[in-house]
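Here is the structure we will look at.
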Amino acid sequence: MKYKLIVFDMDGTILDTLEDLKNSMNYTLKLYNMPERTLDEIRSFVGNGIRKLIERAVADGTSDDMIEMIHKDFMKHYEVHCADFTKPYDGVNSLIQELRNRGYKTAVVSNKAHDAVLDLCDQYFPSLFDLALGEKPEIAKKPAPDMVNLALKQLQISRENAVYIGDSDVDVATARNSKLDMIAVDWGFRTREFLIAQGAETIVSKPGEILDLV
């Protein structure tokens with residue numbers, strides 16, 4: 001075993017959440033008579049948490065107070081509809097189960113709201129993670145290293161014994177800032193070419209390939 005802990009991003013890495021994010025965003029935009037967004041637009045907006053998704057999706061010139069109202073309405077809708085179309089990527093569940101069978105610890109660190117992370121892990125990955133962390137007001141979001149550092153502390157794993165797996169530029173930067181090795185995946189929200197341009201050195205196209213790297 002090269003590592004002891006495998007840390008996964010959630011959206012675009014283990015779960016395809018894009019359709020539900022788009023639907024909740026467009027529902028909320030319609031409430032405020034703003035233009036709806038396409039799936040590709042939402043894909044380009046995600047990665048830095050829900051608040052940043054909303055800031056990127058709303059009409060130009062929207063005030064901070066209005067964005068706060070939109071955020072609250074988005075969260076109300078998303079809490080109910082976050083699993084309408086969301087599903088694990090093919091092969092991810094079997095990958096995580098095999099990692100656990102081989103003795104690895106596994107964790108999720110996501111910029112998605114903490115309660116949503118817990119709910120989605122319970123629904124799609126029951127008993128497959130030793131720890132799941134989502135966005136909380138008191139801790140800096142990725143790409144800051146704070147959430148990863150907290151996971152390492154709680155699981156009592158040194159950073160040289162952990163690897164970070166994600167699908168975006170935010171994840172590349174998170175691994176770099178956390179001083180963790182990284183495996184990028186190209187089945188998520190960003191292309192292989194984009195990931196290479198962001199500095200990703202190890203990229204896989206199928207979950208099973210990860211087993212040979214850890």
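Here is the figure for region 135-146: residues that are at pLDDT 95 or above and outside any loop (DSSP other than H, G, I, E, B) total 1. Taking (1) out of contact with any strand residue (DSSP E or B) (no Cβ under 9 Å at 6 or more places or on another chain); (2) free of Cβ contacts under 8 Å to residues at least 24 places away in the same chain; (3) part of a helix (DSSP H, G or I); (4) under 30 Å from LEU31 (Cα atoms) in turn, GLN123 satisfies each apart from (2). Restricting attention to region 28-55, which residues are out of contact with any Asp or Glu (no Cβ under 8 Å at 6 or more places or on another chain) and among the small types (Gly, Ala, Ser)? Result: SER44, single match.
Tell me whether region 147-162 contains one or more residues that are part of a helix (DSSP H, G or I), farther than 14 Å from VAL108 by Cα, touching a residue at least 40 places away in the same chain (Cβ under 8 Å) and more than 16 Å from the chain's Cα centre (by Cα). Yes, region 147-162 has at least one match. All of (1) in contact (Cβ under 8 Å) with a residue 60 or more places away in the chain; (2) of a type outside the set (Val, Ile, Thr); (3) surrounded by fewer than 22 Cβ atoms within 10 Å (Cβ to Cβ); (4) assigned to a helix (DSSP H, G or I) hold for TRP187 with one exception: (4). Condition (residue is out of contact with any strand residue (DSSP E or B) (no Cβ under 8 Å at 6 or more places or on another chain), over 26 Å from GLY91 (Cβ atoms) and of a type in the set (Gly, Ala, Ser)) applied to region 139-149: is it met by at least one residue? Yes; the residues of region 139-149 include at least one that is out of contact with any strand residue (DSSP E or B) (no Cβ under 8 Å at 6 or more places or on another chain), over 26 Å from GLY91 (Cβ atoms) and of a type in the set (Gly, Ala, Ser).
The values are calculated or read from the model by the stated rules, or taken from the named source; none is laboratory data. All of these numbers come straight from a predicted model, not from anything done at the bench. Counting neighbours? That spans all protein chains shown, and the Cβs are built from the backbone with ideal geometry, glycine included.
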